[in-house]
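The next block holds one structure in the form of structure tokens; read it before the comments.
The values are calculated or read from the model by the stated rules, or taken from the named source; none is laboratory data. Computed from a prediction, not measured in an experiment: that's the story for all the values here. Cβ sites come from the backbone with ideal geometry, for glycine too, and all protein chains shown count toward neighbours. Surface accessibility is based on the protein's heavy atoms, side chains included, excluding ligands, DNA and RNA. Shrake-Rupley method; radii C 1.70, N 1.55, O 1.52, S 1.80 Å.
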Amino acid sequence: MRVERPLRVVLAEDSVLLRDGLVGLLGRCGHEVVAAVGDAEALIAAVGEHAPDVVVTDVRMPPGFQDEGLHAAVRLRRERPGLPVLVLSQYVQRRYAAELLDSGDGTGVGYLLKDRVGQVEEFVEALGEVADGGTVVDPEVVRQLLRRRRDPLERLTPREREVLALIAQGRSNGAIARELVVSEAAVGKHISGILAKLDLPPADETHRRVLAVLAYLRA
Amino acid sequence: MARPGYLTSAWPWRSAAYLLTGAVTGVVVLVGIVVSAAVGGVFALALVGLPLLLCTALAGVPVAAVERHRLRLVDPDPAPGQHGTPREPGLRAWLTTRLRERATWRELGHALLFAGLLWPVDALAFAVFLAGPLSVVATPLLFGAFGEAKVLKVWLVTSWPAAFGYAACGLVLLALGAYLLGVAAGARAGLTRLLIAPREADLGVRVVELARSRVRLVDAFEAERRRIERDLHDGAQQRLVALTMTLGLARLDAPPGPLADQLAKAHEEAGTALAELRELIHGIHPKVLADYGLEAAVADAADRSAVPVDVDLELPGRLPQAVEAAAYFVVCEALANVGRHSGASRAEVSGGHRDGRLVLRIRDDGRGGARAGQGSGLTGLADRVSVLDGRLSLSSPPGGPTLLRVEIPCGPAS
């Protein structure tokens, strides 16, 4: 499997097994891992040194094995606005996702369950989406939020919610259309419905998609 | 004893038996102590007597055990022993524990008092209150047998009427003696209890010790939970992720056909196992609780609940670990109950930290009728909260609503 745009990746993961696996996987898919490190300090140093296209990091890392990776990611994004970061977590937690999305304006970030790296193609697609400035939120988080949220999402029809969930997962209009087996025009119509109901006035289309996802997460 | 049926009940006989066995035991104890002390003392110079002297010092322990046993004759309240359990098996540990205990020396004192003073009193009371009146009652028998009788070795009886007169007096004395017997036995039992049964103060110390050991157990249990969570996370979960990744890559390479199908199946299975493991680990000790504290963890639990939950919880910051864990598991269990049994359409978790205590309220609009016990898991939660000196109360009238309230005293953690 080749990708359109080879990315230079800095990878932070403390488990050697997974780190080597991810290096192999990304290499297979045509990306280059310019640095693979095992803790948050080394991650920050490696980003300073290599200026990568995208950062992939684990949440829990040495020395404290708490959320060092996540905090490093937030800090990196504060220092380098627009640096795409994909955070891998072994837990689905809205709190983690929200903290990450609050850094910057929520563009060029991803929060995925570690399990997803097993779905190689989807994972690499998500990485590309993040590197291109998209927002990717794990379907598991989205599922939890969908079950709970009322306002302002209560006004959305079930179909619109489905579409919003897919947007949150970083899918393009074309991919959503394929997934739901509808035309791309229908997807566009649903999206304008969503944007209207979420009170997001017409502006730059891609940015409004991110805002819709954020509305979702913060509602 | 004040009851009218006392004379016809078993109590006078029990009292008599208590005093009589007391006298007999006392003699045995006296002989035992005197002999072992004397022999031990004589041979002490040759060292062989020292173990015997040690045994004498410990004589109070078995004597007290027998006395506690005998106490049951006249005292229905249990008199538990107050010796601690040695930390390790073996004679040495047992000896060290016993010799260091206050109870051992109290019991030795009791044994000496018993051997020197108490058993003659027992014997005297038995003789005066029971044997004496019985011998008076028996006057006609003696008169019939020997032609004359001397009542209590003082008054000579020479005629039948006098003999029966004394017998009648004897019956009255016997009834009076029965009461005095009861008084004597009661006093003796009281004294024994005072000397060798635990006192209120000791009980208090023991209760505090029990409460402490309970807290230690809960702490150990929490530490163990975290260890298991970490082991699973760092071991099994990482390997499974690596496995699904390898299988995912293998699928990319496999040509379409039976092999690809098998790979797909294996991949799917591994993914399911991973998802199950993730839920399991979360249930053991949720990471968000450790990282962000109770507020975030409750919000997370609300996200996972099948019934929609509103959260209105404001805390000053992090609380002590044990409190956070207990409170979190209360909320989880309560929400699980709401989802399983209540038929509610909405639930609410609210609360905060006020006046040095964490207060949590979990409310639902279900059908009510929930009870602690009945396997609802609430009993276990109540225990868990009570270890922290907290309280858990449940109000759930039939028809609802159900309100579970938890209070745990605590200051904010650092």
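Would you mind putting B:326-336, B:158-168, B:281-291 in packing order, based on average other-beta-carbon counts within 10 Å, highest first? Kindly include the intermediate steps, with their values, before the conclusion.
Details: B:326-336: 23.1, B:158-168: 14.5, B:281-291: 19.8.
Answer by packing, highest mean first, reads B:326-336, B:281-291, B:158-168.
A crude spin-label estimate for the pair B:Glu224 and B:Ala44, with each label 7 Å from Cα along the Cβ direction, gives 5.0 nm. Computed from phi, the 3J(HN,Hα) profile of region B:134-141 under the Karplus parametrisation 6.51, -1.76, 1.60 (θ = phi - 60°) reads 5, 5, 5, 4, 7, 3, x, 4 Hz, with x in place of Gly and Pro. Take the Cα of B:Trp13, step 7 Å toward its Cβ, do the same at A:Asp199, and the gap between the two points is 9.1 nm. With a Förster radius of 41 Å applied to the beta-carbon distance between B:Ala264 and A:Gln66, the computed FRET efficiency rounds to 0.65. In whole angstrom, note down how far apart the Cα centers of region B:117-142 and region A:20-91 are. Here the two parts' Cα centres lie 97 Å apart. For the protein assembly as shown, the Cβ-based charge dipole about the Cα centre amounts to some 2900 debye (Lys, Arg positive; Asp, Glu negative; other atoms uncharged).
Here A:Lys114 is the anchor, and the lysines within straight C-alpha reach of less than 25 Å, apart from those fewer than 8 places off in the same chain, are B:Lys265, B:Lys287.
Working from label points 7 Å from Cα in the Cα-to-Cβ sense, the A:Glu32 to B:Glu279 distance is 4.4 nm. Scalar couplings 3J(HN,Hα) for region A:176-189, obtained by applying the Karplus form with A = 6.51, B = -1.76, C = 1.60 to θ = phi - 60°, are 5, 4, 4, 4, 8, 6, 9, 7, 5, 5, 4, 4, x, 5 Hz; x denotes Gly and Pro. By the rule of a C-alpha distance below 27 Å, with chain neighbours fewer than 8 residues away ignored, the lysines paired with A:Lys189 are A:Lys197. Neighbouring Cβ atoms from other chains, within 10 Å of the Cβ of residues in A:18-29, number 3 on average. Each of B:Ala167, B:Cys410, B:Thr104 was scored by the projection of its Cα onto the charge dipole of chain B, and the greatest displacement toward the positive side belongs to B:Ala167; charges sit on the C-beta of Lys, Arg, Asp and Glu.
In whole percent, and with a 1.4 Å probe on the protein chains, what portion of the accessible area of chain B is carbon and sulfur? Please report the intermediate quantities before stating the final value.
Numbers: 14440 of 21980 Å².
Answer for chain B: carbon and sulfur cover 66 percent of the accessible area.
For region A:1-154, which whole-number percentage of the solvent-accessible area (1.4 Å probe, protein heavy atoms only) is attributable to carbon and sulfur atoms? Using a 1.4 Å probe with all protein chains present, region A:1-154 comes out at 47 percent carbon and sulfur.
Per-residue Cβ counts within 10 Å, from other chains only, averaged over A:5-15: what number is that? All intermediate terms of the calculation are to be shown ahead of the outcome.
Values: counts 0, 0, 0, 0, 0, 0, 0, 0, 1, 2, 8.
Per residue, the average neighbour count from other chains is 1.
State, in square angstrom and to the nearest 100, the accessible area buried between chains A and B, both chains counted, probe radius 1.4 Å. Mind dumping the intermediate values first?
Details: alone 10530 and 23650 Å², together 30880 Å².
Looking at A and B, the buried total is near 3300 Å².
How high is the FRET efficiency from B:Leu95 to B:Arg72, r the C-beta distance, R0 45 Å, rounded to 0.05? Kindly include the intermediate steps, with their values, before the conclusion.
Details: r = 29 Å, r/R0 = 0.64.
Once the sixth-power term is evaluated, E becomes 0.95.
Taken about its Cα centre, region B:129-214 carries a charge dipole of about 360 debye when Lys and Arg each add +1 at the Cβ and Asp and Glu each add -1 at the Cβ. Relative to the longest principal axis of the Cα atoms of chain A, helix A:205-218 runs at roughly 80 degrees. Take each residue of peptide A:111-118, count the partner chain Cβ atoms within 10 Å of its Cβ, and average: the result is 6.
Mind checking which of A:Val142, A:Leu11, A:Pro62 is farthest towards the positive end of region A:1-150's charge dipole, using Cβ charges of +1 (Lys, Arg) and -1 (Asp, Glu) about the Cα centre? Value: A:Val142. The protection proxy used here, the mean number of other Cβ atoms lying within 10 Å of each residue, ranks peptides B:187-195, B:268-276 as follows, highest first: B:187-195, B:268-276. Under the convention that each Lys and Arg Cβ holds +1 and each Asp and Glu Cβ holds -1, the size of the dipole of region B:1-111 around its Cα centre is about 140 debye. Counting only protein heavy atoms and a 1.4 Å probe, the protein assembly as shown has 49 square angstrom of accessible area per residue.
Computed per residue of chain B from DSSP H runs no shorter than four, each worth -39500 (n - 2.57), the mean residue ellipticity at 222 nm is -20500 deg cm²/dmol. Give the residue from B:Pro51, B:Gln237, B:Leu124 lying farthest towards the positive end of the charge dipole for chain B; charges sit on Cβ (+1 for Lys and Arg, -1 for Asp and Glu) and the dipole is referred to the Cα centre. Value computed over the given set: B:Leu124.
Extent of the protein assembly as shown along its three principal axes (Cα atoms, max minus min coordinate, largest first): 135, 70, 55 Å. The calculated FRET efficiency for B:Leu217 paired with A:Ser183, based on their beta-carbon distance and R0 = 56 Å, is about 0.30. In this structure, the amide hydrogen of A:Val33, modeled 1.01 Å from its nitrogen in the peptide plane, lies closer than 5 angstrom to those of A:Val9, counting only residues at least 5 positions away or on a different chain.
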